[in-house]
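One structure below.
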Amino acid sequence: MTPPPLARAGYEDVDGEAAAHANRRWWDAEAEEYLREHGDFLGDADFCWSPEGLRESDARLLGDLTAARVLEVGCGAAQCSRWLVGHGVEVVATDAAPGMLAQAARLDDATGITVPVLVADARRLPLADAAFDVAFTAFGALPFVPDAVAVHREVARVLRPGGRWVFSVSHPVRWAFPDDPTRRGLTADRSYFDRTPYVERDSGGAPLYAEYHRTMGDH
């Protein structure tokens, strides 16, 4: 379903559950267009940690995955998990947007590498306690939920004792600068410590999309 048109956008308080629902709907509707725009950069079966292009093949942030069971949270089209599966790792990938997982199925077909996926809110994972050795999210979940602590708590629940949780987000100082590729984007125009979310709304005031800022200290 196509969301209503954008009427206004800015930094303002928003109901958390309404915003979380809006984000699921936004990513569901935009999945195909997002992959069309960013698919070449992300690859079909590649593990990219960040907009700067850091790859797991170079960084090895997940560590030794021999005999490990791995969970991806906020997987999008599951490119990262697909890369892991291609290297013989047992993976389950989750995302809140069915449209994104439909794109994951399309890439499964294109690559011949199948990733087990689940539609799931990162704050309420339908998974057993202590079921995984490693969990990760590559800038796909934490910026889009109002309560990041709930995500950390859920991941801790599904990890086995001594398990590893690896997550990436855009550097928090980015929040202080306008999203503008011109010279204007090099001048900070808001406080790094202002945690008011960025919200897009329709003509009736309902949220269409929201993104949340946490400082380095928050993380």
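The values are calculated or read from the model by the stated rules, or taken from the named source; none is laboratory data. A quick note: this is a predicted structure, and the numbers were derived from the prediction, not measured. Reconstructed Cβ throughout: ideal geometry from the backbone, glycine too, with neighbour counts over all protein chains shown. To get the accessible areas, we keep the full protein, side chains included, count just its heavy atoms, and leave off ligands, DNA and RNA. Shrake-Rupley method; radii C 1.70, N 1.55, O 1.52, S 1.80 Å.
Annotations
- The number of residues in the stretch 74-121 being of a type in the set (Asp, Glu) and within 13 Å of the chain's Cα centre (by Cα) comes to 2.
- Candidate set from the stretch 169-187 (those that are in a loop (DSSP other than H, G, I, E, B) and either within 22 Å of PHE139 (Cα to Cα) or acidic (Asp, Glu) (or both)); member that is modelled with the highest pLDDT: PHE177
- Restricting the first member to the stretch 44-64 and to residues that are among the acidic types (Asp, Glu), and the second to residues that are assigned to a loop (DSSP other than H, G, I, E, B), the beta-carbon pairs closer than 6 Å and six or more apart or on different chains are GLU56/PHE47.
- Any chance ASP129 is open to solvent by 10 Å² or more (accessible area, probe 1.4 Å) and within 20 Å of the chain's Cα centre (by Cα): no
- The listed residues are ALA22, ALA29, and the only one of them that is surrounded by 19 or more Cβ atoms within 10 Å (Cβ to Cβ), part of a helix (DSSP H, G or I) and hydrophobic (A, V, I, L, M, F, W, C) turns out to be ALA22.
- Candidate set: the stretch 132-142, residues that are farther than 19 Å from ALA68 by Cβ and hydrophobic (A, V, I, L, M, F, W, C); chosen: the one farthest from the chain's Cα centre (by Cα): LEU142
- One residue stands out in the stretch 32-47 among those that are of a type in the set (Phe, Trp, Tyr) and within 15 Å of the chain's Cα centre (by Cα): the one that is least open to solvent (accessible area, probe 1.4 Å), namely PHE47.
- Any hit, the stretch 144-151, residues being in contact with a helix residue (DSSP H, G or I) (Cβ under 9 Å, 6 or more places away or on another chain), open to solvent by 70 Å² or more (accessible area, probe 1.4 Å) and not in a loop (DSSP other than H, G, I, E, B): no
- Check on VAL166, touching a residue at least 24 places away in the same chain (Cβ under 8 Å), assigned to a strand (DSSP E or B) and either at negative phi or hydroxyl-bearing (Ser, Thr, Tyr) (or both): yes
- The set of residues from the stretch 152-163 being part of a strand (DSSP E or B) and open to solvent by 70 Å² or more (accessible area, probe 1.4 Å) comprises ARG160, PRO161, GLY162.
- Looking at PHE167, PHE132, PHE139, just one residue is touching a strand residue (DSSP E or B) at 6+ places or on another chain (Cβ under 7 Å) and within 21 Å of ALA22 (Cα to Cα), and that residue is PHE139.
- Residue check, VAL117 free of Cβ contacts under 8 Å to residues at least 40 places away in the same chain and open to solvent by 50 Å² or more (accessible area, probe 1.4 Å): no
- From the list GLY86, GLY76, the lone residue that is open to solvent by 40 Å² or more (accessible area, probe 1.4 Å) and under 18 Å from PHE136 (Cα atoms) is GLY86.
- Taking (1) outside any helix (DSSP H, G or I); (2) surrounded by fewer than 17 Cβ atoms within 10 Å (Cβ to Cβ); (3) polar (S, T, N, Q); (4) at pLDDT 95 or above in turn, SER50 satisfies each apart from (4).
- The number of residues in the stretch 198-219 that are surrounded by fewer than 19 Cβ atoms within 10 Å (Cβ to Cβ) and in a loop (DSSP other than H, G, I, E, B) comes to 11.
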